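Here is the structure we will look at, set down as structure tokens.
The values are calculated or read from the model by the stated rules, or taken from the named source; none is laboratory data. Worth saying up front: this structure is predicted, and the values here are computed from it rather than measured. Glycine gets a Cβ as well: all are built from the backbone with ideal geometry, and neighbour counts include every protein chain shown. Ligands, DNA and RNA are stripped out before the accessible areas are found, and what is left, the full protein with its side chains, is counted by its heavy atoms. Shrake-Rupley method; radii C 1.70, N 1.55, O 1.52, S 1.80 Å.
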Amino acid sequence: MSLEQPRQRDVGVTPDGELDYDELADLLEEYLLDREEHMNAQGFVVRPDEVAAVLETLREEAGFDHLSLVTAQDYQDRYESIYHLKKYSDPTHELSVVVPTTRENPLSQSAAPVFETANWHEREAYDLVGIEYDEHPDLRRILLPETWQGHPLSSDYNQDQPQIVPLREQADPMEHKTQAPDEQDAMFVNIGPHHPATHGVLHLKTVLDGEQVVDVDPDIGYLHRCEEQMCEQSTYRHQIMPYPDRWDYISAGILNEWAYARTAETLADIEVPDYAQVIRTMSAEMCRIAAHLLAVGTFALDIYGDFTAIFMYAITDREKVQHLLEDLTGQRLMFNYLRLGGLAWDLPEPREEYFENVRNFCEYIPERLEEYHNLLTGNELFQMRVLDTGVLPPEKAKDYGCTGPVARASGIDYDLRRDDPYGYYDELEFDVVTRDGCDNFARASVRLEEIRQSARIIEQCVDLLEDWPEDEREIQSNVPRTLKPDPDTEVYKAVEGAKGELGIYIRSDGSDKPGRFKIRSPAFCNLQSMEVLAEGEYIPDMVAALGSLDIVLGEVDR
Amino acid sequence: MSTLLPETISDALGIGGVTGTFLGGVIGAALVGSFILVNTAVAGPWLKRKIMASFWEKIGPNHIGPFGSLIMVADAVRLISKELVVPEGVDRPAWDLAPMVLASSALLGFAVIPMGSILGINVQLADPEVGLAFVFAVASIASVGLVMAGYASNNKFSFLGGLRAVAQNLAYEIPLILTGISVVIFAGSLQMSEIVAAQSQTLLSVGPVDVPAWFGILNPFALALFLVANLAEVGRNPFDIPEAPTEIVAGYQTEYSSVYFVLLYLGEFIHIFLGGAIVATVFLGGPAGPVLPGIVWFLVKIWAVFLFTQWCRSSLPRIRVDQLIGIGWKGLLLASFANLIVTAAIVGVLAV
């Protein structure tokens, strides 16, 4: 579905567009050790010293150009890295490359030379699970402090070991200039973790030459709350659902909940009633509007300086959609509204009044967008600041695994709502907004237009809900009280979150809690592209680029 | 020419000679200084917030006092009672002097500003022949203060802010002064009272309304140039680059707290008012205006300029530092030279 049609059919695709795993297996015959069946795709098991060659072949020959996620996990007899591959042209074509390593020598070849995005994913795998990646350009800890002892998600981790390390043993920040400049007048500046521009506790180790950025190295993990491990210790049915609200906590709660709901419903084979799907779709789009309004508002904050009219207008409008969400879910941020197989409860009574409020909002938003366009995209000073700054070319965006508005602003026509439909999206009409600017301006303008499309979706949902027969308003399907999926069932599913592709990988171990719960955070992947956006730019443009990526540290650090 | 304020005071006290001149000067300066400080007190903690609030569709301070106006007292107490944190490694005398230099240099400019008369008293401290040059000169001392603050703070963000402030002031003071000179060519004098007097003639009469020959009306292009350059001079959006909160934290004022912070902030506000006073004197006929006393008109004009800076601040993006320098050197400098030459030509032709 990409703009440019591939010249010839990729290997492993049948003429009617289906994925043919046998043909892919033939392609990889020399590397293939075994084939596994995951719920979303097949897993090809390969040797740990041939990872790069396999991924290279798959990308060049079979068109798997999107490394969505790298999951590392710990079995009793081995470590395992799973590379979840997709295609930007069709995300339903999925393939997992499974790389087992022995417990004694957990060394696996790095995928970073093939996919840039693997760099951070593998650093996280090394940090938390303890797999070492050979030929990795920069294998440091990423979420935990450099001085941390042991790897917490590994089964031989000693929890009782003291972790307090005195300051003098912490690394000297000046040591880690990855590309130390030769010029004498370069200056190292710590931007963050407490800085007005970082929108949270992000630390950018920046090397400046005058006002220009020579090197930037994002240091994350200040907000790491062990979300994955907490989910692994909670039951599928009820205990996990509140956690997704806390990942992207900027009002994108229902979008996050849906990521878990979709994955767990696939895993346990749960049907969701249509009525509930429509309400899910409506509330998720409300969350998207709220999240995008905040993104645009804070982006304006970065460009305009102090709190300005646009930020305040955006917050005012976000407040309106928050009211709608509050009426629906009883909460403003931590909604906890979705349930496996349905919803917590039906629409608020009186329904007519609620529908009217929603309709008024949907009519109000397009008018309001004109105001935003006048203040932002139509403003010449604003254009001067953001056009052609923070450029992310499409090839780079794919390499870094960028998704969501960031990818769409680089001309990549990729939206899971349309390309891998879930919920009620395939019955609804909406456009996927793309821009070819690849710059900060394009990213802001994609978000503004997506607000319009979300309002369109909400209106269609209200139409459907108004006419829904009263006796068919089923909000919850029949789901057992305790879910115990078969042991060693593996599934990876993603939804289109506010920031991009929000995916979850679950492996069941036969109990009522997941054996491994891995989150694919879109902001984590998007943030990694910061080095492309910022290097060579002025500090103000770096700040603008950071704002245009729209990261939420709760989601980056999990 | 009417009597200046110090003379009026010494006459009223009945003390002549050097002592009288000295006492009159000190008391007059205290009065004018307090008057300006009251204006900044009203502007800074309270009215600015009210103005911004109405731009933002919110309410602003409304809890303490009528319309929240006692927030001025609350804020003053809050700011002054805070601990003065002196960071390690600051360059002490320079670091301490910078806030004082900033605040006092701006205040010094008001010495020569004619603020009109009230109850027959002419409120102007001094009227030297080089009045306008004096104002620009003392206002420029602020740049020294900015560099001192930025360099002495031992903080990289302060340092960047200080460098930006110097670059910006260099790029904008020349157009500012060149535009001012075009007015001097019109008026034929640097003396403030002469400049005001030159604007008091009637340009043309539309029915019963006399349009005065204010330089802002004679040459609106110069007024626009001056307002833009003045925004850069006082560091307000779109030119608030030396502070740029989202980029370099707070620029040169990052490390200042408590009273020093108050002084820096005060310095900025006095600077905005001084910019307003120059605009009023040079382009808007000084204290001239119908019915109301001159000083009221003077206040209206400087507050109008203040409102303009706040309007820009709440709605215009901050441009990038290299763009700012580009606009200053390539755009404003050329425009102000063109303005100067055209003005000189017209004045020359008219004189012939």
#### Entry: Dipole of chain A [Lys/Arg +1, Asp/Glu -1 at C-beta], most positive-end residue of A:Leu483, A:Leu67, A:His136
A:Leu483
### Message
Quick check: pseudo-label points 7 Å beyond the Cα along Cα→Cβ at A:Asp156 and A:His238, how many nm apart are they?
### Response
3.9 nm
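Taking each residue in A:297-306, count the Cβ atoms of any other chain within 10 Å of its Cβ, then average. What number comes out?
Working: counts 0, 1, 0, 1, 2, 5, 5, 10, 15, 10.
Per-residue shielding by partner chains comes out at 5.
Using DSSP to call loops (not H, G, I, E or B), can you name the GluC sites (Glu not before Pro) in the stretch B:244-352 whose Cβ has at most 16 other Cβ atoms within 10 angstrom? Show your work: numbers first, answer last.
Values: sites: B:Glu247, B:Glu255, B:Glu268; in loops: B:Glu255.
Sparse-neighbourhood loop GluC sites (Glu not before Pro): none present.
Using a simple charge model, +1 on the beta-carbon of Lys and Arg, -1 on the beta-carbon of Asp and Glu, nothing else, what dipole does the stretch B:93-351 show about its Cα centre, in debye to the nearest 20? Before the final figure, lay out the partial values.
Values: 8 positive and 13 negative charges, 88 e Å.
Here the size comes out at about 420 debye.
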### Message
With the cut-off at 1.5 for a/c, could you classify the stretch A:227-557 from its C-alpha gyration tensor as rounded, prolate or oblate?
### Response
oblate
### Task
Choose one of B:Ile341, B:Ala250, B:Phe261: the residue whose Cα lies farthest towards the positive end of the charge dipole of the stretch B:93-351 (beta-carbon charges +1 Lys, Arg; -1 Asp, Glu; about the Cα centre).
B:Ala250
## Note on the structure
Shape descriptor, the stretch A:309-394: equivalent ellipsoid semi-axes (Cα gyration tensor, sqrt 5λ, whole Å, largest first) stand at 34, 18, 11
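Assuming R0 = 22 Å, what is the FRET efficiency of B:Ser140 and B:Ala304, from their Cβ-Cβ distance, to the nearest 0.05? Don't jump to the answer; show the numbers that get you there.
On the way: r = 24 Å, r/R0 = 1.09.
Calculated transfer efficiency: 0.35.
Report the relative contact order of chain A, percent, no decimals, based on alpha-carbon pairs under 8 angstrom and at least 6 residues apart. If you can, show how the numbers build up before the last one.
On the way: 1126 pairs, mean separation 95.5, N = 558.
Contact order relative to length: 17 percent.
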### Summary
For the B:Val352, B:Val209 Cβ pair and Förster radius 35 Å, calculated FRET efficiency rounded to 0.05 is 0.65
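Out of the trypsin sites (Lys or Arg not before Pro) in the stretch A:381-488, which ones are loop residues according to DSSP with at most 12 other C-beta atoms within 10 Å? Please report the intermediate quantities before stating the final value.
Details: sites: A:Arg385, A:Lys396, A:Lys398, A:Arg408, A:Arg417, A:Arg418, A:Arg435, A:Arg443, A:Arg447, A:Arg452, A:Arg456, A:Arg473, A:Arg481; in loops: A:Arg435, A:Arg473, A:Arg481.
Hits after loop and neighbour filter: A:Arg481.
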### Task
Give me the percent of the accessible area of the stretch B:93-351 that comes from carbon and sulfur atoms, probe 1.4 Å, all protein chains in place.
77 percent
#### Entry: Cut-off 10 Å between beta-carbons: net charge of the residues surrounding A:Ala261, Lys and Arg +1, Asp and Glu -1
+2
### Message
Using alpha carbons only, how many angstrom separate the centre of the stretch A:274-325 from the centre of the stretch B:100-135?
### Response
50 Å
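Could you grab the relative contact order for chain B? Cα pairs under 8 Å, six or more apart, rounded to a whole percent. Walk me through the numbers before you get to the answer.
Numbers: 558 pairs, mean separation 76.9, N = 352.
Here the relative contact order equals 22 percent.
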### Solvent exposure ordering (accessible area, 1.4 Å, most first) of B:Arg313, A:Arg332, A:Arg59
A:Arg332, A:Arg59, B:Arg313
### Query
In chain A, what % of DSSP beta bridges are antiparallel (nearest 5)?
90 percent
### Task
For chain A, give the magnitude of the charge dipole about the Cα centre (Cβ charges: +1 Lys/Arg, -1 Asp/Glu; no others), in debye to the nearest 20.
1400 debye
### Task
Assign unit charges at the C-beta atoms only (+1 for Lys and Arg, -1 for Asp and Glu), then state the dipole size of the stretch A:1-174 relative to its Cα centre in Debye, rounded to the nearest 20.
580 debye
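Give me the inter-chain shielding for B:306-316: mean count of other chain Cβ atoms within 10 Å, whole number please. Display every interim value, and only then the final one.
Numbers: counts 0, 0, 0, 0, 0, 1, 0, 5, 9, 7, 8.
Across B:306-316, the average partner-chain Cβ count within 10 Å equals 3.
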### Query
Short version: which residues of the stretch B:238-264 lose at least 20 Å² of accessible area, all chains versus chain alone, 1.4 Å probe?
B:Pro245, B:Thr246, B:Glu247, B:Val249
### Task
Starting from the Cα gyration tensor of chain A, take the square roots of the eigenvalues, sort them a ≥ b ≥ c, and report rounded, prolate or oblate (rounded when a/c is under 1.5, otherwise prolate if a/b is larger than b/c, else oblate).
rounded
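With every protein chain kept in the model, how would you rank B:Ile217, B:Ile195 by accessible area, 1.4 Å probe, largest at the top? Don't skip to the end; give the middle numbers.
Details: B:Ile217 75, B:Ile195 0 Å².
Putting B:Ile217, B:Ile195 in descending order of accessible area: B:Ile217, B:Ile195.
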## Note on the structure
With all protein chains in place and a 1.4 Å probe, A:Tyr337 shows an accessible area in Å² (nearest 10) of 0 Å²
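Rounded to two decimals, what is the ratio between the C-alpha radius of gyration of the stretch B:1-147 and 2.2 N^0.38 Å? Mind showing how you got there, number by number?
Details: Rg = 19.4 Å, N = 147, 2.2 N^0.38 = 14.7 Å.
Expressed relative to 2.2 N^0.38 Å, the Cα Rg reads 1.32.
Decide, for the stretch A:364-484, between rounded, prolate and oblate: order the square roots of the alpha carbon gyration tensor eigenvalues as a ≥ b ≥ c, take rounded if a/c falls under 1.5, and otherwise choose prolate if a/b is larger than b/c, else oblate. Show your work: numbers first, answer last.
Working: a/c = 3.29, a/b = 1.66, b/c = 1.99.
Cα axes put the stretch A:364-484 in the oblate bin.
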### Message
Nearest 500 deg cm²/dmol is fine: what mean residue ellipticity at 222 nm does the protein assembly as shown get from its DSSP H runs of n ≥ 4 alone, each adding -39,500 (n - 2.57), divided by its residue count?
### Response
-15000 deg cm²/dmol
### Summary
Which residues qualify? For A:Arg516, with a placed amide H closer than 5 Å and at least 5 residues away or on another chain, they are A:Arg507
### Query
In whole Å and largest first, what semi-axes does the C-alpha gyration tensor of chain B yield when each eigenvalue is scaled by 5 and square-rooted?
32, 26, 21
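Could you give the length gained on full extension between A:Glu535 and A:Ala344, defined as 0.36 nm per residue of separation minus the Cα-Cα distance, in nm?
Working: separation 191, 0.36 × 191 = 68.76 nm, distance 4.67 nm.
Separation in residues times 0.36 nm, less the Cα-Cα distance, equals 64.1 nm.
Kindly state, to the nearest 0.05, the FRET efficiency for A:Arg473 paired with A:Glu429, given R0 = 30 Å and r defined as their beta-carbon distance.
Values: r = 23 Å, r/R0 = 0.78.
According to the calculation, E is roughly 0.80.
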### Message
List the residues, sorted by chain then number, that are 5 or more residues from A:Leu208 or on another chain and whose placed amide H is less than 5 Å from its amide H.
### Response
A:Met187, A:Phe188, A:Val189, A:Val214
### Message
Can you work out the Karplus-derived ³J(HN,Hα) for every residue in the stretch B:316-333? Use 6.51 cos²θ - 1.76 cosθ + 1.60 with θ = phi - 60°, whole Hz, and x for glycine or proline.
### Response
10, x, 7, 7, 7, 5, 6, 5, 4, 4, x, 4, x, 7, 8, x, 5, 4
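Write down the accessible area per residue of the protein assembly as shown in Å², having rolled a 1.4 Å probe over the full set of protein chains.
Per-residue value: 39 Å².
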### Task
For the stretch A:1-174, evaluate the Debye formula with one uniform point scatterer on each Cα (no solvent term) and list log10 I(q)/I(0) at q = 0.16, 0.19 Å⁻¹, rounded to two decimals.
-0.93, -1.21
### Query
Can you work out ³J(HN,Hα) from phi for every residue in the stretch A:47-57, in order, using Karplus 6.51 cos²θ - 1.76 cosθ + 1.60 and θ = phi - 60°, giving whole Hz and x for Gly and Pro?
6, x, 9, 10, 4, 4, 5, 4, 5, 4, 4
## Note on the structure
Taking placed amide H atoms and a strict 5 Å upper bound, the residues 5 or more places from A:Gln42 or on another chain that come that close are A:Ser96
### Summary
The A/B contact buries a total accessible area, at probe radius 1.4 Å and rounded to the nearest 100 Å², of 2700 Å²
### Summary
Contact order relative to length for the stretch A:1-174, counting C-alpha pairs under 8 Å separated by 6 or more residues, stands in percent at 16 percent
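Give me the Kirkwood hydrodynamic radius of the stretch A:368-410 in Å, from all C-alpha pairs, to one decimal place? Numbers along the way, then the final one.
Numbers: mean 1/r = 0.0844 Å⁻¹.
Taking every pair of different Cα atoms in the stretch A:368-410, averaging 1/r and inverting gives 11.8 Å.
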### Query
Expressed in nm to one decimal, what extension gain is obtained for the pair A:Glu352 and A:Gln383 from 0.36 nm per residue of sequence separation less their Cα-Cα distance?
6.9 nm
### Message
Which positions within the stretch B:318-343 get 30 Å² or more of their accessible surface covered by the other protein chains, compared to the chain by itself, with a 1.4 angstrom probe?
### Response
B:Arg318, B:Ile319, B:Arg320, B:Val321, B:Asp322, B:Gln323
### Summary
HN-Hα couplings for the stretch B:136-151 via Karplus (6.51, -1.76, 1.60; θ = phi - 60°), in whole Hz with x for Gly/Pro, come out as 5, 5, 6, 5, 6, 4, 3, 4, 4, x, 5, 5, 4, 4, x, 7
